[in-house]
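The values are calculated or read from the model by the stated rules, or taken from the named source; none is laboratory data. In this text, all values refer to a predicted model and were calculated from it rather than measured experimentally. When we count neighbours, we look across all protein chains shown, and the Cβ atoms used for this are built from the backbone with ideal geometry, even at glycine.
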Amino acid sequence: MIWLDVLVQGILLGGLYALFAAGLSLVFGIMRLVNLAHGDLIIFAAFAILLVTATLGLNPFLAALLAAPLMFAFGWALQRFVLNRVLGKDILPPLLVTFGLSVALQNGMLEVFSADSQRLTAGPLESASIDLGPVTVGTLPLLTFASAVLVIFALNRIFYTTALGRAFRAVSDDPATASLMGINPKSVFAIATGLAMVIVTIAALYLGMRSNFDPSIGPARLLYAFQAVIIGGLGSLWGTLIGGAIIGVAQTVGAQINPEWQILAGHIAFLIVLLIRPRGLFPRAVD
């Protein structure tokens, strides 16, 4: 039963990593942009939720509801007025700009919030658990995984059943032709980044309730997100969920063998998948 519990806990941990990765996968799938500031944006959203909880005295879930529209607006403006200016065939300018944004966010948060670790208080939810017979799972990890599934399901519904989704697919496949059909690629890109920031807010909510965070941990969250995206296949949202689960299971198995191996085991799993499937498990065709 110990190994069954390890497996279940790893899959549930993968839900958090999938939330880290979903926004990154969405942005890459639509505009082929690798956002190096993605992890720092997750921490930025966590501090935004913390600020709302401290100011208004709300619980983290209500605070996240208030923070999400603000993060959408921030993402929209960031893409519309900054990132759209550097998108093109050369991938270097967007990488440099997002790297600079990462540095600026880290230093800005350090100045405003200090280097002290913070945490979002979830009350009784932090220790609540559900008995499933062979294993007992925490309510918060289970809620995290369920939220990851719902987020990815919603993104797929938007992507394949709505007019906005058709616009996403059109500008992803051929921005020039899409513009001839009356679609403004730059506006669509801005909406996509705004939507990614809403997902970032959800990821930040669960990160903040499950562990401490500080301004310096963004790059590590980016690494987990990037690994989940690569394992699942670039641009594949459901693949992102599977990639997160693989990393989560590898980490819990590694921790069960030796607590010092937890992070290393996740990196080894990532390398093994790359050796077997260099383009990931469920790659989306990229022109």
**Complete:** The lone condition SER25 fails out of (1) at pLDDT 95 or above; (2) within 30 Å of LEU132 (Cβ to Cβ) is (1)
**Request:** Could you tell me which of the residues PRO259, PRO278, PRO215 is over 23 Å from LEU7 (Cβ atoms) and without any contact (Cβ under 8 Å) to a residue 40 or more places away in the chain?
**Result:** PRO278
**Item:** Among (1) within 30 Å of ASN59 (Cα to Cα); (2) of a type in the set (A, V, I, L, M); (3) at pLDDT below 95; (4) assigned to a helix (DSSP H, G or I) - the single one LEU95 does not satisfy
**Value:** (1)
**Request:** For the range 109-123, state whether one or more residues are surrounded by 12 or more Cβ atoms within 10 Å (Cβ to Cβ), at pLDDT 95 or above and part of a helix (DSSP H, G or I).
**Result:** yes
**Request:** Return yes or no: is LEU66 farther than 21 Å from GLU126 by Cβ and either over 11 Å from the mean Cα position of the chain (by Cα) or surrounded by fewer than 17 Cβ atoms within 10 Å (Cβ to Cβ) (or both)?
**Result:** yes
**Message:** Which of the numbered conditions does PRO69 fail, given that it passes all the others? Conditions: (1) within 18 Å of ASP214 (Cα to Cα); (2) at pLDDT 95 or above; (3) out of contact with any Asp or Glu (no Cβ under 9 Å at 6 or more places or on another chain); (4) not acidic (Asp, Glu).
**Reply:** (1)
**Message:** So the check is Cβ under 8 Å with 6+ separation or different chains; which pairs have a first residue in the range 110-122 that's farther than 21 Å from GLY138 by Cβ and of a type in the set (A, V, I, L, M) and a second one that's part of a helix (DSSP H, G or I) and modelled with pLDDT of 95 or more?
**Reply:** VAL112/PHE47
**Asked** So which pairs qualify, if the first residue must be in the range 89-104 and at negative phi, the second must be among the charged types (D, E, K, R) and buried (at least 19 other Cβ atoms within 10 Å of the Cβ), the Cβ gap must be under 8 Å, and the two must be at least 6 apart or on different chains?
**Response** LEU101/ASP40; SER102/ASP40
**Message:** Against the conditions (1) in contact (Cβ under 8 Å) with a residue 40 or more places away in the chain; (2) among the β-branched types (Val, Ile, Thr); (3) out of contact with any helix residue (DSSP H, G or I) (no Cβ under 6 Å at 6 or more places or on another chain), where does VAL82 fall short? Just the number, please.
**Reply:** (1)
**Asked** Can we say VAL137 is surrounded by 11 or more Cβ atoms within 10 Å (Cβ to Cβ) and either touching a strand residue (DSSP E or B) at 6+ places or on another chain (Cβ under 9 Å) or in a strand (DSSP E or B) (or both)?
**Response** yes
